[in-house]
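Worksheet: the structure to be examined is printed underneath.
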Amino acid sequence: MTVPVMLFERRLTTAEILYHYPDHPSLLQSFVWQHMDVAPKFPRLMKFLDYWESHIDGRLHSVRIAGSKLYAAKDIRVASTEFRLQ
(Lines give C-alpha, C1' and ligand atoms only; values in the text may rest on other atoms or scores of the structure.)
Protein backbone atom coordinates (compact mmCIF):
# COMPACT_ATOMS: atom_id res chain seq x y z
CA MET A 1 0.00 0.00 0.00
CA THR A 2 1.46 3.35 -0.97
CA VAL A 3 1.68 6.34 1.35
CA PRO A 4 -1.05 8.46 -0.35
CA VAL A 5 -3.51 5.57 -0.12
CA MET A 6 -2.67 4.98 3.56
CA LEU A 7 -3.45 8.61 4.40
CA PHE A 8 -7.07 8.24 3.31
CA GLU A 9 -7.98 4.82 4.63
CA ARG A 10 -10.89 4.48 7.02
CA ARG A 11 -9.99 4.02 10.67
CA LEU A 12 -11.90 3.48 13.84
CA THR A 13 -12.40 6.99 15.20
CA THR A 14 -13.51 7.80 18.73
CA ALA A 15 -14.57 11.30 19.75
CA GLU A 16 -15.27 12.41 23.31
CA ILE A 17 -17.67 15.33 23.09
CA LEU A 18 -18.15 17.60 26.10
CA TYR A 19 -21.29 19.71 25.97
CA HIS A 20 -23.21 22.07 28.23
CA TYR A 21 -26.54 20.94 29.67
CA PRO A 22 -29.30 23.05 28.08
CA ASP A 23 -31.03 23.65 31.46
CA HIS A 24 -27.81 24.09 33.47
CA PRO A 25 -25.14 25.70 31.24
CA SER A 26 -22.50 25.57 33.98
CA LEU A 27 -22.58 21.72 33.98
CA LEU A 28 -20.76 19.61 31.40
CA GLN A 29 -21.79 16.18 30.14
CA SER A 30 -19.64 13.73 28.19
CA PHE A 31 -20.80 11.90 25.05
CA VAL A 32 -18.67 9.30 23.25
CA TRP A 33 -19.07 8.89 19.47
CA GLN A 34 -17.38 6.04 17.60
CA HIS A 35 -17.43 5.25 13.89
CA MET A 36 -15.22 4.44 10.92
CA ASP A 37 -13.86 7.69 9.47
CA VAL A 38 -11.06 9.07 7.30
CA ALA A 39 -8.24 10.95 9.02
CA PRO A 40 -7.18 13.80 9.08
CA LYS A 41 -10.34 15.63 7.93
CA PHE A 42 -12.85 13.27 9.61
CA PRO A 43 -15.79 14.05 7.26
CA ARG A 44 -18.25 11.79 9.07
CA LEU A 45 -17.47 13.31 12.47
CA MET A 46 -17.72 16.85 11.04
CA LYS A 47 -21.13 16.00 9.57
CA PHE A 48 -22.27 14.71 12.98
CA LEU A 49 -20.98 17.83 14.76
CA ASP A 50 -22.76 20.07 12.22
CA TYR A 51 -25.96 18.14 12.90
CA TRP A 52 -25.41 18.51 16.65
CA GLU A 53 -25.01 22.29 16.45
CA SER A 54 -28.12 22.74 14.30
CA HIS A 55 -30.53 20.25 15.95
CA ILE A 56 -29.45 19.63 19.57
CA ASP A 57 -29.85 22.18 22.37
CA GLY A 58 -26.65 21.32 24.26
CA ARG A 59 -23.90 23.77 23.24
CA LEU A 60 -20.58 22.09 22.43
CA HIS A 61 -17.69 22.75 24.81
CA SER A 62 -14.88 20.61 23.36
CA VAL A 63 -14.19 17.55 21.20
CA ARG A 64 -11.27 15.17 21.70
CA ILE A 65 -10.49 12.79 18.82
CA ALA A 66 -8.59 9.49 18.87
CA GLY A 67 -8.02 7.18 15.92
CA SER A 68 -6.82 3.63 15.58
CA LYS A 69 -5.85 1.47 12.65
CA LEU A 70 -7.75 -1.80 12.46
CA TYR A 71 -5.54 -4.83 12.05
CA ALA A 72 -5.92 -7.09 9.04
CA ALA A 73 -5.00 -10.75 8.71
CA LYS A 74 -1.67 -9.80 7.11
CA ASP A 75 -0.71 -7.92 10.31
CA ILE A 76 -1.14 -10.97 12.55
CA ARG A 77 1.48 -13.71 12.82
CA VAL A 78 1.20 -17.20 14.26
CA ALA A 79 3.49 -17.97 17.18
CA SER A 80 6.27 -20.40 16.31
CA THR A 81 6.82 -21.54 19.90
CA GLU A 82 4.53 -22.04 22.87
CA PHE A 83 5.68 -22.18 26.50
CA ARG A 84 3.48 -23.50 29.30
CA LEU A 85 3.94 -22.82 32.98
CA GLN A 86 2.31 -25.19 35.46
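Structure values in brief
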{"quantity": "Members of region 19-70 found to be assigned to a strand (DSSP E or B) and of a type in the set (Ser, Thr, Tyr), listed by number", "calculated": "TYR19, SER30, SER62, SER68"}
{"quantity": "Residue within region 36-43 that is of a type outside the set (Val, Ile, Thr), at pLDDT below 95 and touching a helix residue (DSSP H, G or I) at 6+ places or on another chain (Cβ under 7 Å) present", "calculated": "yes"}
{"quantity": "Residue count, region 48-69 (criterion: closer than 9 Å to TYR19 by Cβ and among the acidic types (Asp, Glu))", "calculated": "0"}
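Let's see how each residue does on (1) surrounded by 10 or more Cβ atoms within 10 Å (Cβ to Cβ); (2) more than 19 Å from LEU12 (Cβ to Cβ):
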| residue | (1), (2) |
| --- | --- |
| LEU28 | yes, yes |
| TRP33 | yes, no |
| VAL38 | yes, no |
| LEU45 | yes, no |
| TYR51 | yes, yes |
| HIS61 | yes, yes |
| ILE65 | yes, no |
| SER80 | no, yes |
| LEU85 | no, yes |
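The values are calculated or read from the model by the stated rules, or taken from the named source; none is laboratory data. Here the structure is a predicted model, which means the values were calculated and not measured. Positions of Cβ are generated from backbone atoms using ideal geometry, with glycine treated the same way; all protein chains shown enter the neighbour counts.
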